[in-house]
Amino acid sequence: DQTHISDPSEMPPLSSYPSVPPASGPHNEVTLGAGIYDTPPSIDRVIHSLEHGAVVVWYSPDAEGEQLDAVREFFSGPQGNRVIVAPYDYAAEGDAGRLPAGTTMSLVAWHHVQGCADVSLPAAFEFASRYGAPPFGQRQYEGEAPEAGAAF
């Protein structure tokens, strides 16, 4: 679940992970920084960030509109210091490289995945405020990241 792999070419296929998108499992030794990504980031680095308490807001590559703009804008501010927002599009990985049918946004933290039919800032904020480490404001951390709060 927490295996670090130094050579990204040795990463197992996404289909071998227990969830789509992955919420834990073998990953790169290097984390991926929080931020807004226009292209799919290195998923092996994303998984390591989850181990440190990151939350990922994955969206379908064909998602667009005001709600996606709102998510991207909101998490580009200081409240996004532990959130990664990116398209989930790893076509070479087959079905495991796409969000499940009927899902436009998937919210992921270590061992937690929530699929959403539509992109929704309220849903993304609620998930991130519960499972991101450290949590927002006075909320209590509900996640399971083994290195919650570590830098990424």
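Every pair of different Cα atoms in the chain enters the Kirkwood calculation, which places the hydrodynamic radius at 15.0 Å.
Can you tally the net charge around Ser6? Count Lys and Arg as +1, Asp and Glu as -1, for every other residue whose Cβ sits under 14 Å from the Cβ of Ser6. Taking every Cβ under 14 Å from that of Ser6, the sum is -3.
On the principal axes of its alpha-carbon atoms, region 75-119 has extents of 35, 21, 21 Å, going from largest to smallest.
Across the alpha-carbon set of region 103-152, the Rg to Rh ratio works out to 0.99, Rh being the Kirkwood radius. A simple rule links phi to the HN-Hα coupling: the Karplus curve 6.51 cos²θ - 1.76 cosθ + 1.60 with θ = phi - 60°, which for region 50-61 gives 4, 4, 8, x, 6, 10, 10, 9, 8, 10, 5, x Hz, with x for Gly and Pro.
Antiparallel beta bridges, as assigned by DSSP with both residues in the chain, represent about 50 percent of the total such bridges. Seen from Asp69, the other residues with C-beta closer than 14 Å to its C-beta sum to a net charge of -4, counting Lys and Arg as +1 and Asp and Glu as -1.
The calculated FRET efficiency for Asn81 paired with Ile5, based on their beta-carbon distance and R0 = 30 Å, is about 0.70.
Calculate what fraction, in whole %, of the accessible area of the chain sits on carbon and sulfur atoms when a 1.4 Å probe is rolled over the protein chains.
Working: 3390 of 7030 Å².
C and S fraction of accessible area: 48 percent.
Here the spin labels are modelled as points 7 Å beyond Cα on the Cα-Cβ line, and at Glu126 and Ser42 they lie 3.5 nm apart. Remark: relative contact order (region 37-104) = 42 percent; criterion is Cα-Cα distance under 8 angstrom and separation of 6 or more residues. The modelled label-to-label distance between Glu29 and Glu66, using points 7 Å beyond Cα along the C-beta direction, is 4.8 nm.
Under the rule of -39500 (n - 2.57) per DSSP H run of 4 or more residues, summed and divided by the residues of the chain, what mean residue ellipticity at 222 nm is obtained, to the nearest 500 deg cm²/dmol?
My calculation for the chain gives -6000 deg cm²/dmol from helical runs alone.
Normalised by the number of residues in the chain, the average gap of Cα pairs under 8 Å and 6 or more apart makes the relative contact order 27 percent. In the full protein context, region 57-98 carries 50 Å² of accessible surface per residue, based on a 1.4 Å probe and ignoring ligands, DNA and RNA.
With R₀ fixed at 30 Å, the C-beta to C-beta distance from Arg139 to Asp95 puts the FRET efficiency at about 0.30.
The values are calculated or read from the model by the stated rules, or taken from the named source; none is laboratory data. Quick caveat, the model's predicted, so the values are computed rather than measured. Counting neighbours? That spans all protein chains shown, and the Cβs are built from the backbone with ideal geometry, glycine included. The protein model used for the area step is the full one, side chains on, heavy atoms only, and it has no ligands, DNA or RNA in it. Shrake-Rupley method; radii C 1.70, N 1.55, O 1.52, S 1.80 Å.
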